[in-house]
Amino acid sequence: MEPISIIFLLLAGLAAGAVLAQVTWDMVDTWVRGRSLRGGYAEILSSRLASGDYHVVAGIFTSAGVRAADQTWDAHALDPELTRRLATSGGVIRVRT
């Protein structure tokens, strides 16, 4: 994981919200598409908390790597598509926006 990703994950963990039943790929993808930047990219990370819940973080970055937007979701589960994408990407999903 890149240093900026680790810092981003730690900082985003400070913002807490309501716990959802499940975070889905469609939720995350819709959020990313609604905030895309020309030449930018998005990173999506997830960590499992001691409680067993999941903390999912998405960030939109400019081409220079400056964070332009972020969102966190806390949930009891991840849907199979999000789980698959995280597993096949080494834990950090990165998409061009």
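Overview of values
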read-out	value
Bins of 5 Å, starting at 0 and running to the largest distance - Cα pair percent for the stretch 14-97	3, 15, 27, 24, 19, 9, 3, 0
Residues Ser47 and Ala68, FRET efficiency given R0 of 35 Å [Cβ-Cβ distance, rounded to 0.05]	0.95
Accessible area in square angstrom per residue, the stretch 14-97, 1.4 angstrom probe	55
Unit charges at the beta carbon, dipole of the stretch 16-77: most positive-side option, Gln22, Thr72, Ser47	Thr72
Distance (nanometres) between label positions extended 7 Å along Cα→Cβ at Val92 and Gln22	2.8
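The values are calculated or read from the model by the stated rules, or taken from the named source; none is laboratory data. Nothing here was measured: the structure is a model prediction, and the numbers come from that model. Neighbour counts are summed over all protein chains in view; Cβ atoms, including those assigned to glycine, are modelled from backbone coordinates with ideal geometry. To get the accessible areas, we keep the full protein, side chains included, count just its heavy atoms, and leave off ligands, DNA and RNA. Shrake-Rupley method; radii C 1.70, N 1.55, O 1.52, S 1.80 Å.
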